[in-house]
Each structure stands twice: as structure tokens, then as C-alpha cells.
1. For a footprinting-style exposure proxy, rank Tyr376, Tyr367 by other Cβ within 10 Å, fewest first.
2. Out of residues 5 or more away from Ile231 or on other chains, whose amide H comes under 5 Å of its own, with H placed 1.01 Å from N in the peptide plane?
3. Name the GluC sites (Glu not before Pro) in the stretch 150-254 that are in a loop by DSSP and that have at most 11 other C-beta atoms within 10 Å, would you?
4. Quick check: residue separation of Leu284 and Ser250 times 0.36 nm, minus the Cα distance between them. What number comes out in nm?
5. Give me the net charge for the shell around Asp218: Cβ to Cβ below 15 angstrom, other residues only, Lys and Arg +1, Asp and Glu -1.
6. Beta carbons within 10 angstrom, averaged per residue: use that to sort the peptides 261-270, 314-323, 395-404, highest first.
7. Tabulate in residue order the Karplus-calculated ³J(HN,Hα) for the stretch 183-188, using 6.51 cos²θ - 1.76 cosθ + 1.60 with θ = phi - 60°, rounded to whole Hz; enter x for Gly and Pro.
8. Can you list which of the trypsin sites (Lys or Arg not before Pro) found in the stretch 81-120 are DSSP loop residues with at most 14 other C-beta atoms within 10 Å?
Amino acid sequence: MVWIRETGYVGELGDLLEVISGSPHARTVHTVGRMWSDPGAFHEVFAAWNHGHGANVAIGIASTGSEPPDAVTGSRIETWWTHDGRTRVDRDGQVAITTPDEVLVYTPGHGGIRSRPDERHGSAPLIGAAPLLGWLDFEIEQRATWENRNTWDVLGRPSVGRAFFGIPPWLHELMGVEFRLGIDAATGLILHAQGTLNGSVVSWMALDDVVVDEPVTDDMFQFTPPNGERIRSNTEMLVEHLQSLGVDVSAVDPEDEQQVHDLMRRWRESQMPSHHRQPTLDELAANHVVTGPLPVDEPAERERVEHVIKLIGTASDDGEDVPAVDRGEGLGVCLRTAASRVNATEPTVIEVDHMKFLNDREAVVWYSLSVGTNRYIQRQEARAIRVDGDWFVSRASFCELMARAGVTCPPPAE
């Protein structure tokens, strides 16, 4: 949601949204600046996002008046970005290079780690404003200048419905619950930012130099670690880590990502007391008692149930109903409201993780929800019911999902 302090800022809002859409409107960007965050605030900030702390902070007082520490105490960060999806971030000796094909992260003394782009290793540069504002309720405070560039000063706090998508990926870089952003009026770049928690500054960043459309050679996105340090895949690194813990990895193919992650999960579960660890899906399913005869053709019915679960977020052609939901008439408005609150701009994908039939008319299903390449909801429980020969998601299960986005279902039609 967007808030405007004065009527005169309605036009400013349109200008801001136009600029940040497709930002930074350049072929290349090269920035030099500094960043700082308080490591002692890490857990409190993440708890605040997870549990909704700070949600009642009035947007008009998001500015705390606290001044960040002197910029010289921050770490130097230099970033290169190109329009074809390549970035390089140099910070305190660490190098993170992202191309459309892979991500390479080098840390002095530890070598390099190569992974797929969707594995999200390393630090994404805080360049464009859209990824941040997509998670915030915000208002334009005023026009300003920064290093001789015209900016908008924007104040923000976590958006209503943020719990639907969990923790924003940029929160590791810019921690806080209330934010002040300085957004470049020409490019939509974030020129400076400050995050606060309970009135105290817990992070900030500031760009001292911004150069747009300078030539950037391909060599900038190639890197060889110094002193003969290795570059490993993410799975190779995990295998080495498991070996250092004394885990037998002889039966695991280090190139098979699923095998490696399964072994890591089993080791973690073995180290956790049974009353503390997360129950497995089989254990969750065991809590549900079979109440009648099971479907005659269970594989076929399983496919039908999975199909309707995957359509839980799909509205009818006119947008008014949700056909996969029992008594789904009039629920389309819930999907629209949820999408607007969580700023969903990428395709939503639902995967069924586990299913148990309780009888031939009812099944319990656990599913995960992803937006783009990011998984935000896991092991969500739902009920599927059979009505007049067809399977539907129960209305209660749909409304539980909507509640995670802060949306309340209307009463069912009589």
C-alpha cells in the first residue's frame, strides 16, 4: 500500500512508480559506496518480520530521527550491473558474480562457490528500488538531493500480508522494520537507505559515486581465486562440510544435489532431540485416522486431488469465483486482494508434497507455494473433499491460505 502525505504528492507518486518500473533504465551501472549493519540486531529484526512486530508503527513516524554511524565505519562496496542480467559485487575482499547461467561467490580463505542463479548465494546488490518497495507500505516524504542528484525521500514499513511470503531476500543486507530510502529521480536507483528497529539505526547504505552507461568489459564478470584457492559447487561444499562433521558420504554422489541435501537433512534431524525437531510428513499424516474405505483406483484419484490443489489460486474467467474450491463462488476477490497486498508479480506455483486419503471422499494434502524461483510456504495442510463425484479444495483450507496474506473470506453464499 502507498501513502501520500499531501495531495500534491499524488503526481509525485506517479512519477516515482514510472521511474522505478524497469529501473535503472540504463545499459550499465557502476556504483561505489559503503554499507553497515548491526550484527547484534539480526535475530530481533528477523523475529519482528516473522511475528509481525512493528506492524502497528504509524507510517508517519517511520523516521526515527536517529543518525547512522559515521560512514567511514561501514564496509566499502563496489557494484557493476549490466542490462543483460550480469552483476558483480566486491565487498571486504568478497566477490559475488552473477550471470544468467551461474553465481560465483568468493570469500578470502574459503575459496569460491559456484551455484545456479536460483540458489541465491551471495549478496544481491541493493540497486533498484522496486524489489524493496514491493515488500513495504510506503509514503513519499519529500523531494531532496543526494550528491547533486535529485531524489525522493521515501519512508516505509512491512506491508500488510508480508507473512504470506515470509522474509524478503534483501533483509540480510538492509535490516530493519522501518526504512528511509533516498531514490534517484532519474534512474530509480537507491542512493541511500537506513533501517531502524525500535527507534535505533540497525543498518544503512550510501552510494558515493554512480556512473551510468560506462563501458563494462566481459572480464569484469570472470574471476580466478588468488593463491590457488579452489572453486567448488554448492553440493561439493556441503559434502566437504558433512565429512568434517564425521558423516559417512561414501554412498552420495557429490554432483547429485538431491542426494546431498537429503543427507544433510538426515544429519540435522539426527542431531536434534525428537521433541524439538520438525515432524516428517509421514509423521504428520499418521496423526490423521482413516475413517472409511479408500478409493478403488487410488493413483487416479490422487492425480485428480493434486490437480485441484494446484488450482487453489486460480480464479474463474470472469475473476469472481474460484472453481477448484468447494462453494468457491465470490472468492475471486480474495485472490485479487491477496495479490495486491503481497505485490505478487511473478507466477505462483503450487507443488503437492504429500497426500493421505482418509476415505474415498476426503484427503489430507500438504503443499508448498513458490513465487518465481522462491519458495515461501512449505508443508501447508489442506483438505480435499469429493462432492457429487468431483474433487474440490475445502473452503476452510482456501481461507486459511488467504489468512496468511491478511485476507478474510466473505461468508459463503446461502
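All of the numbers you see were taken from the coordinates with simple rules; none came from a lab. Source: prediction; values computed, not measured. In this analysis, Cβ positions are derived from the backbone assuming ideal geometry, glycine residues included, and neighbour counts consider all displayed protein chains.
1. In increasing order of surrounding Cβ atoms, one gets Tyr376, Tyr367.
2. Gly112
3. On the way: sites: Glu173, Glu178, Glu229, Glu236, Glu240; in loops: Glu173, Glu229.
Those that pass, being in a loop and sparsely packed, number zero.
4. Numbers: separation 34, 0.36 × 34 = 12.24 nm, distance 3.10 nm.
Length gained between Leu284 and Ser250: 9.1 nm.
5. Working: positive: Arg27, Arg86, Arg88; negative: Asp84, Asp101, Glu102, Glu214, Asp219.
Around Asp218, the charge tally is -2.
6. Values: 261-270: 13.1, 314-323: 14.6, 395-404: 18.9.
So the peptides 261-270, 314-323, 395-404, ranked by packing, come out 395-404, 314-323, 261-270.
7. Those phi angles translate into 10, 5, 6, 8, 10, x Hz.
8. Details: sites: Arg86, Arg88, Arg91, Arg114, Arg120; in loops: Arg86, Arg120.
Those that pass, being in a loop and sparsely packed, are Arg120.
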